[in-house]
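Quick note: the coordinates plus some simple rules give every number you see, no bench work behind them. Predicted model, so just to flag it, every value in this text is computed and none were measured. Cβ placement follows ideal geometry from the backbone for every residue including glycine, while neighbour counts extend to all protein chains displayed.
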Amino acid sequence: MGMIINKDLLSPEQIKQEYPLPDELKTLKEQRDKEIRDIFEGKDDRFIVIIGPCSADREDAVIEYMTKLGQLNEVVKDKLMIIPRVYTNKPRTTGAGYKGMLHQPDVDKEPDLSEGIIAIRKLHINCIKASGLTCADEMLYPANRAYLDDVLSYEAVGARSVENQQHRLTSSISDVPVGMKNPTSGDLSVMINAIKAAQSSHRFIYRTKDVTSTGNDLSHVILRGAVDKHGICHPNYHYEDLEEIKKLYEKSGLKNPAVIIDTNHSNSNKQYKQQIRIARDVLHSRNTDPELKKLVKGFMIESYLVEGCQPITDDRIYGKLITDPCLGWEDTKRLILEIYEKC
């Protein structure tokens, strides 16, 4: 067999027992989950802002960011639903590079998934404590989500995972919204089919169990732009793109039509400052068409304490990403306040 077994890992049940979500945070999560559901069901017109670093690389800086975000939330919470983005797994196109805190809880040390599982659970719980907000993470590895499924209020399936059957079926057991990104090719039918699968019931294998899912009626669209065969990015956040998604939803019969706009990735061509302009453009489209205002429920934005990104060196800048570049805090604060005024 072409592998080496490094060590046995604790089960999700063991990890949850050792690092439980405190009762007061369970109550907070139940309340926020209901509020988020109401937004997706059209009962609450607040606008969702899923925001945070490209990848959560170190707990102290992430907690400082989340503390600031929680303080800002007190100003905007009557019109915005802020969901902190705490991504603990980092997809790598070729498999090379930093794969996130799950793999490498200390960037300066060798990978250790046993410690990583503990680190990401503690991080998510501490982020809730620091901000008063329950968070989002990416479902990069479907089998691993069981370590966090009781703490998350939002999950995303990435552009490279959205065609995968196990991601689709696992999404159908989640009781929080699961956003399906369009694939890197931009083929919207792939994303729509993923949502149909997630909203349906299935019988399948999940973590050594024969299970039947109930379906997730809150699975929805995330538009993140596309890349053609020449490597050129093509955004899909414009008015015409939103109209096309509206038509696809009308034809599909899917429950709770909703769109989240990813302002970075191929929508911005990874020019992180463009996230500000893109958000303004989408808000304008949304405010010119009442139907789009109902359909477009929020943004997914990448930001951190210090703007840009940096390589992994011994003299790294605290609060600056080691993966994709992000907005800095001052731009983040201004953008959230602008969204608050215009949404």
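Provide the descending list of Cα extents for region 185-227 along its principal axes, expressed in whole angstroms.
37, 20, 13
Report D for region 247-333 in µm² per second (integer): Stokes-Einstein, Kirkwood Rh on Cα pairs, 10 °C, 1.306 mPa s.
Translational diffusion coefficient: 108 µm²/s.
Taking Rh as the Kirkwood radius computed over C-alpha pairs, what is the Stokes-Einstein D of region 95-169 at 25 °C in a medium of viscosity 0.890 mPa s, expressed in µm² per second? Don't skip to the answer; put the middle values down first.
Numbers: Rh = 13.4 Å.
It diffuses with D of about 183 µm²/s by this estimate.
Treat the count of other C-beta atoms within 10 Å as a stand-in for reagent exposure and order Glu59, Glu155 from fewest to most.
Starting with the residue having the fewest Cβ neighbours, the order is Glu59, Glu155.
So for Cys326, Cys343, fewest C-beta neighbours within 10 Å to most, what's the order?
Starting with the residue having the fewest Cβ neighbours, the order is Cys343, Cys326.
Fully extended, how many nm does the chain gain between Gln166 and Glu115 (0.36 nm per residue separation, minus their Cα-Cα distance)?
15.8 nm
Remind me, relative contact order of region 38-196 in percent, using alpha carbon pairs under 8 angstrom and six or more residues apart?
Over region 38-196, the number comes to 17 percent.
Using just the C-alpha positions of the chain as equal point scatterers, what log10 of I(q)/I(0) does the Debye formula give at each q in 0.07 1/Å?
The Cα Debye sum returns log10 ratios of -0.26.
With a 10 Å cut-off between alpha carbons and a GNM built on the chain, which of Ala159, Ala279, Ala61 moves the most?
Ala61
Antiparallel versus total DSSP beta bridges in region 189-343: what percent is that, nearest 5?
Approximately 40 percent, going by the DSSP bridge assignments.
Across every pair of different alpha-carbon atoms, what Kirkwood hydrodynamic radius in Å does region 1-52 reach?
On the way: mean 1/r = 0.0677 Å⁻¹.
It is 14.8 Å.
Of all beta bridges DSSP finds with both residues in the chain, what is the antiparallel percent, to the nearest 5? Write down the numbers at each step before the final one.
Working: 7 of 38 bridges.
About 20 percent, rounded to the nearest 5.
I'd like to verify something in the chain: which complete DSSP H helices, judged by Cα projection on the helix axis, reach 18 Å or more and average at least 0.5 on the Kyte-Doolittle scale? Kindly include the intermediate steps, with their values, before the conclusion.
Numbers: long enough: 23-40 (26 Å, -1.47); 59-76 (25 Å, 0.06); 113-131 (26 Å, 0.62); 239-252 (20 Å, -1.46); 274-288 (21 Å, -0.89); 329-342 (20 Å, -0.90).
Helix filter hits for the chain: 113-131.
Ratio to report: Rg/Rh of region 139-274, with Cα atoms as the point set and Rh obtained by the Kirkwood method; give two decimals.
0.98
State, to one decimal in nm, how far the label point of Lys77 lies from the label point of Arg334, with both points 7 Å from Cα in the Cβ direction.
2.7
Give the Kirkwood hydrodynamic radius (Å, one decimal) of region 141-219, defined as one over the mean of 1/r across all pairs of different Cα atoms.
Mean inverse Cα-Cα distance, inverted, gives 12.4 Å.
Given the convex hull over the Cα atoms of region 186-343, what projected area results after averaging over all orientations, in nm²?
12.5
Quote the relative contact order of the chain in percent (integer), defining contacts as alpha-carbon pairs under 8 Å separated by 6+ residues.
Answer for the chain is 16 percent.
Taking trypsin sites (Lys or Arg not before Pro) as candidate sites, keep only those in a DSSP loop with at most 10 other Cβ atoms within 10 Å, then name the longest stretch of the chain containing none of them.
Here the longest run is 110-228.
Hey, got the dipole for the chain? About the Cα centre, +1 on K and R Cβ, -1 on D and E Cβ, debye to the nearest 20?
The dipole of the chain has a size of about 580 debye.
Within a 10 angstrom radius of the beta carbon, how do Tyr19, Tyr237 rank from fewest other beta carbons to most?
Tyr19, Tyr237
Which residue, Tyr87, Val107, Ser285, has the largest displacement toward the positive end of the dipole of the chain when charges sit on each Cβ (Lys, Arg +1; Asp, Glu -1)?
After comparing all options, I get Ser285.
Among the lysines, which have Cα under 25 Å from the Cα of Lys122 when same-chain residues fewer than 8 positions away are ignored?
Here the lysines satisfying the reach criterion relative to Lys122 are Lys7, Lys16, Lys26, Lys29, Lys34, Lys68, Lys90, Lys99, Lys109, Lys320.
Given all pairs of different Cα atoms, what value in angstroms does the Kirkwood hydrodynamic radius of region 201-279 take?
14.9
Would you list the P(r) distribution for region 52-193, with all Cα-Cα distances sorted into 5 Å bins from 0 and each bin expressed as a whole %?
Going from the shortest bin to the longest, the percentages are 2, 10, 19, 21, 20, 15, 10, 4, 0.
Which whole-number percentage describes the relative contact order of region 296-343, with Cα contacts under 8 Å and a sequence gap of 6 or more?
Relative CO of region 296-343 lands at 36 percent.
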